[in-house]
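Have a look at the structure below before the remarks.
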Amino acid sequence: MKTLKEILDALLSKEITIEQAEELIKLDYIDELDKMAHLDFSRHIRTGIPEVIFAESKTVNMVLEIAKKMLDKNNFVIITRLPFEYFGKLESIYKDKKDFVCDFNKTAKTAYIAKKSYSFHKQEGTVGIITAGTSDIPVAEEATLLLKAMGITIVNSYDVGIAGMHRIFPALKEMITRNVDVILVVAGMEGTLPGIVSALVDIPVIGIPCSSGYGIGEKGKGAITTMLQSCSPGLAVVNIDNGFGAAAFAAIIVKRIHKKRIP
């Protein structure tokens, strides 16, 4: 792999084109943090999706060190699955500092920290996010934070599951009226709602099985089984509680629809 200087030298000497240089830079931009983490700083340029820190199973010091490294190199950092007790440490470092803008969402166990001088480019397109119940909101909020950080407009409607079937129709009416490009549907228990939504609209639907539930289908097993077995066309399914993955998939669809690169 060429170094950045070698790539630029090759470009200046016309050995490679601008397009080839761009591709080489995208592939080369991997950094290492004390052999603890390999940080992919150009992921949002290469794929349209920013790299995030998955805090689960990491110590608070590991999370803080990785976050610092990313903010040194990048303008922002997104952290998911934060243990509740880690928020205090992050808040003490970043929340009241004039140089940073922070969004600490304890419901979603997610944090967004950015340099005050930076903001994501506003992305054309809108994503709808629906939850079947209030227990599903933390997963929906994880997806919401990522999409908002990427400049995508969100239309949320929570607690509209099939136990009160009439509640879904006003939510869908608003989303159709606002011309959403994708709808994320978070559901636990038996996970029926995404299949119903995809049977009612001509919009791509991403089902997110949630770990709410009990008994034989506990921890999202019943929900993911129902979604994967759905006979309703137009439904894609991500893993249990994977709000981030669903948001990333939705962002790629929005990007392709509007033919603009997410910065």
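Annotations for the structure displayed:
- Here the chain carries DSSP beta bridges of which approximately 40% are antiparallel, counting only pairs with both residues inside.
- Relative contact order for the chain, counting Cα pairs under 8 Å that sit 6 or more residues apart, in percent: 15
- Helix-derived mean residue ellipticity, 222 nm - over the chain, DSSP H n ≥ 4, -39500 (n - 2.57), to 500: -10500 deg cm²/dmol
- Unsatisfied cross-links (Cα-Cα over 28 Å) in the set K14/K255; K73/K98; K73/K109; K109/K255; K73/K106: K14/K255
- Placed amide H near Y158: partners under 5 Å, 5+ positions off or other chain: T131
- Around L184: net Lys/Arg minus Asp/Glu count, Cβ-Cβ under 14 Å: -4
- Among residues other than Y112 with Cβ under 10 Å from its Cβ, the summed charge is 0 (Lys and Arg +1, Asp and Glu -1).
- Rounded to two decimals, the Cα-based Rg/Rh of the chain, with Kirkwood Rh, is 1.02.
- Ordered by the count of other Cβ atoms within 10 Å of each Cβ, fewest first, D72, D103 give D72, D103.
- Judged by the mean number of other Cβ atoms found within 10 Å, the most tightly packed of the peptides 52-61, 154-163, 8-17 leads the ranking 154-163, 52-61, 8-17.
FYI, it's all coordinate maths here, none of it is from the lab. The model shown is predicted, which means the values in this text are computed figures rather than measured ones. Glycine gets a Cβ as well: all are built from the backbone with ideal geometry, and neighbour counts include every protein chain shown.
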